[in-house]
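In what follows, a structure is listed as structure tokens, so that the remarks can point back to it.
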Amino acid sequence: MAKKPKKLSREAILAEAKQLFSSKGYRGTTLADLTSVFDVSRPSIYYYFKSKVELLSELHEQGFDAASYRFDEVFQSDMPTREKFRKILELHATNLANDTDLIKILFMDIDEMPEKLAREIIQRRKKHTERIIEIYKTGVEEGVFKDIDPKMAVHLLMGACNWLTMWYSPKKSVKPEEIVDSLLEILSDGYQK
């Protein structure tokens, strides 16, 4: 018996595009892939999105906006620097673990994206990272963080978090919170007893 096609909506198209981009890559995914999921013609998809680039851009906006809101709360809080920095790493790792499909697209397919979109994404990431570097610098000045190059420290720590997208699967038995706890314990305390 043939599979019943999915109901067409803006949200459904975005959800399917996210899955397809994650599994096949941005360049490897075609609008025909989407039309077959919904059993519709291209104009039906074009009614909601003008192009594949617009789909990718919308996915990026959704992911970044959701993450930015939570990060802004932490950046603007008056919590101690050590706690603030840990919370930022926790939020970053949790975002990665909770939506590996979307994050994988945004990290892995950056070179395949249209130049204008790639530049926008890189610029947003850079501004976000610069805010985190400032917090690390504050921690060094306060004597709560090791006095190593703040840019290098932040890139190493964020990079360790980013690698989650390559191996973590929410389908496995380990919960995102457990991954984040272990990751942060190793990042902040090291691995030696």
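With protein chains left intact and a 1.4 Å probe, residues in the chain average 62 Å² of accessible area per residue.
List the trypsin sites (Lys or Arg not before Pro) within the range 1-51 that DSSP assigns to loop and that have no more than 12 neighbouring Cβ atoms inside 10 Å.
Numbers: sites: Lys3, Lys6, Lys7, Arg10, Lys18, Lys24, Arg27, Lys50; in loops: Lys3, Lys6, Lys7, Arg27, Lys50.
The qualifying sites are Lys3, Lys7, Arg27, Lys50.
Mean separation of Cα pairs under 8 Å and 6 or more residues apart, divided by the residue count, gives the chain a relative contact order of 24 percent. Counting only heavy atoms of the protein chains and using a 1.4 Å probe, Asp149 has close to 80 Å² of accessible surface.
The HN-Hα couplings worked out from phi for the range 60-76 by the Karplus form 6.51 cos²θ - 1.76 cosθ + 1.60 (θ = phi - 60°) are 4, 4, 4, x, 5, 5, 4, 5, 4, 4, 5, 5, 4, 4, 6, 4, 8 Hz, whole numbers, x standing for Gly and Pro. When only alpha carbons are used to place a centre, the range 17-66 and the range 75-122 end up 21 Å from one another. Close amide-amide hydrogen proximity is noted between Gly25 and no other residue 5 or more places distant or on a separate chain, at a cut-off under 5 Å (H modeled in the peptide plane; Pro and chain starts excluded).
With no solvent and one equal point scatterer per Cα, compute the Debye intensity ratio I(q)/I(0) for the range 38-98 at 0.29 Å⁻¹ and report its log10, rounded to two decimals. Ignoring solvent entirely, the Cα scatterers give -1.14. Element breakdown for the range 1-88 at a 1.4 angstrom probe: carbon and sulfur atoms account for 52% of the accessible area.
Work out the length of the dipole vector of the chain about its Cα centre, built from +1 on the beta-carbon of each Lys and Arg and -1 on the beta-carbon of each Asp and Glu, and round it to the nearest 20 debye.
Values: 31 positive and 31 negative charges, 159 e Å.
About 760 debye.
The values are calculated or read from the model by the stated rules, or taken from the named source; none is laboratory data. The structure displayed is predicted, hence computed values, not measured ones. FYI the Cβ positions are ideal-geometry reconstructions off the backbone, even for glycines, and counts take in every protein chain you see. Accessible surface areas use protein heavy atoms only, side chains included; no ligands, DNA or RNA. Shrake-Rupley method; radii C 1.70, N 1.55, O 1.52, S 1.80 Å.
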